[in-house]
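What follows draws every value from the coordinates through simple rules; no lab data is involved. Bear in mind the structure is a predicted one, so any value in this text is a computation, not a measurement. Counting neighbours? That spans all protein chains shown, and the Cβs are built from the backbone with ideal geometry, glycine included.
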Amino acid sequence: MRPSRSPSTCEPTQGITLGVFLLIAARNPLAHRSLIWFTVVSSVVHAAIMAVQAVTDPAEHGHLKGDVPALLLVAIVLTVLMPHAAKPLAPERT
């Protein structure tokens, strides 16, 4: 069993930076949809990796109660709140 590692300085810095850019993107989400979808997908992938590690390593079990649900919640909230571009209407047939 390996000891649980402590987060490096880079991990919180990356999250804070992404958060700032997401706040900026929130003003015009359709113009920044690639950043928002990147956050959704990366949160789900990160949660999946952490879940596997938490299940296989007893020292990481705490992540199943905190980090994994939080990451999935972020992905769900962003997905639900993300506006979808209006589909162009098909021309009417006469």
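Applying the Karplus relation 6.51 cos²θ - 1.76 cosθ + 1.60 with θ = phi - 60° to the range 52-66 yields 3J(HN,Hα) values of 4, 4, 5, 6, 8, 10, x, 5, 9, 4, x, 5, 5, 9, x Hz, where x marks Gly and Pro.
Between residue 27 and residue 52, the simple label model (points 7 Å from Cα in the Cβ direction) yields a spacing of 3.9 nm. With a Förster radius of 35 Å applied to the C-beta separation of residue 65 and residue 93, the computed FRET efficiency comes to 0.05. Cβ crowding within 10 Å, taken as a proxy for footprinting-reagent exposure, orders 71, 23 from fewest neighbours to most as 23, 71.
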